[in-house]
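Laboratory data are not the source of any read-out in this text; all were calculated from the coordinates shown. Quick caveat, the model's predicted, so the values are computed rather than measured. Don't worry about glycine lacking a Cβ; one is built from the backbone with ideal geometry, like all the others, and counts go over all protein chains shown.
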Amino acid sequence: MKNRLHDYRKLYEKHQLLEEEIPTDPFELFHYWIKETETNKEVEEINTMTVSTVGLDGFPRSRVVLLKEYDREGFVFYTNYLSEKGKSIENNPKVSLTFFWPASERQVLIKGIARKVSDAESDEYFQSRPRGSQLGAWASNQSSVIPSREFLQKKLDLLEKEYENKPIPRPSHWGGYKVIPSEFEFWQGRPNRLHDRISYSRENELEWKIDRLAP
Ligand SMILES: Cc1cc2nc3c(=O)[nH]c(=O)nc-3n(C[C@H](O)[C@H](O)[C@H](O)COP(=O)(O)O)c2cc1C
Ligand code: PXP
């Protein structure tokens, strides 16, 4: 059976991205796009992004994570350092991030190097999480094969007892990565599939080369 999705057809026409209107600093444009998307209260989880890594087997692998912080240096997400992605990053820190905000017909691609954030930063973020999420980080040996759902639940039950009325420390294998970009691409959907694509490539600490790419 062939399932055709040919009739999904959306015309992108909400915005445009023109050279004369963009900042020289891609972080500024990213910030502007996030802030603008945030004003649309119908958009959920605008901080989701796809992080792609190169696996130990040489294959790329992508998964969604939550962007928790960004500044003029880079983009931070939190995860298990011993997960599949963690091991991949340790072996090859070259990653890409992809944001897709359908409501504003926009996509942002980022190419960069992932570096662990400091223990102090990871501690601070970990302590801000709900206790359930903190225990979840202890309970889940992320990416490993487990026998059943019950296995996880039992681990959680034991951890709840162990840490009852006690602060939960951050597992040393759980923390943040900051992706330091060397390239950004801002994609704005336009009619006739003739989208605007503006790329920023890092030239030095402060300067970026701006190019328009064919859609
Ligand atoms: C909306 C959403 C947000 C997620 N956020 C995170 C996150 O911030 N950190 C994380 O480790 N996994 C997050 N996940 C789970 C990952 O997609 C993935 O399943 C997990 O990190 C294991 O990936 P790996 O086995 O490739 O390392 C999220 C999944 C979804 C759908
Ligand atoms: C496995 C996993 N780890 C970490 C996170 C980040 O969660 P939090 O917002 O609690 O830090 C998520 C979000 O879905 C997740 O699924």
Calculate one ³J(HN,Hα) per residue across region 100-105 by plugging θ = phi - 60° into the Karplus curve 6.51 cos²θ - 1.76 cosθ + 1.60, and present them in order as whole Hz with x for glycine and proline. 10, 10, x, 4, 9, 6
Protection proxy (average C-beta count within 10 Å per residue), highest first, orders 93-106, 43-56, 8-21 as 93-106, 43-56, 8-21
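What does the charge add up to near residue 177, with Lys and Arg as +1, Asp and Glu as -1, over the other residues with Cβ less than 10 Å from its Cβ?
Values: positive: 85, 115, 116, 178; negative: none.
Value of the local net charge: +4.
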What FRET efficiency comes out for residue 165 versus residue 124 if R0 is 30 angstrom and r is the Cβ-Cβ distance? Round to the nearest 0.05. 0.85
Residue-normalised 222 nm signal for the chain, counting each DSSP H run of n ≥ 4 as -39,500 (n - 2.57), nearest 500 deg cm²/dmol, is -7500 deg cm²/dmol
Net +/- balance of residues flanking residue 27 in space, Cβ distance below 12 Å, scoring K and R +1, D and E -1: -2
Other-chain or far-sequence residues with amide H under 5 Å of residue 182's (modelled H): 111, 112, 113
Once the dipole of the chain is set up with Lys and Arg at +1 and Asp and Glu at -1 on Cβ about the Cα centre, which of 30, 16, 191 lies farthest towards its positive end? 191
For the chain, find the longest principal axis of its Cα atoms and tell me its angle to the long axis of helix 149-162, 0 to 90°, nearest 10. 60
How large is ³J(HN,Hα), in whole Hz, for each residue of region 20-32 in order, when computed from phi with the Karplus curve 6.51 cos²θ - 1.76 cosθ + 1.60 and θ = phi - 60°, using x for Gly and Pro? 6, 10, 9, x, 6, 9, x, 4, 5, 5, 4, 4, 4
Which one, 64, 135, 173, is farthest towards the positive end of the dipole of region 64-215 when Lys and Arg carry +1 and Asp and Glu -1 on their Cβ? 64
Report the charge-dipole magnitude of the chain in Debye, nearest 20, computed about the Cα centre from +1 at each Lys and Arg Cβ and -1 at each Asp and Glu Cβ. 1000
Value of D in µm² per second that Stokes-Einstein yields for the chain, Kirkwood Rh from Cα pairs, at 4 °C (1.567 mPa s): 66
Which pairs break 28 Å Cα to Cα here: 68/94; 35/209; 14/94? 14/94
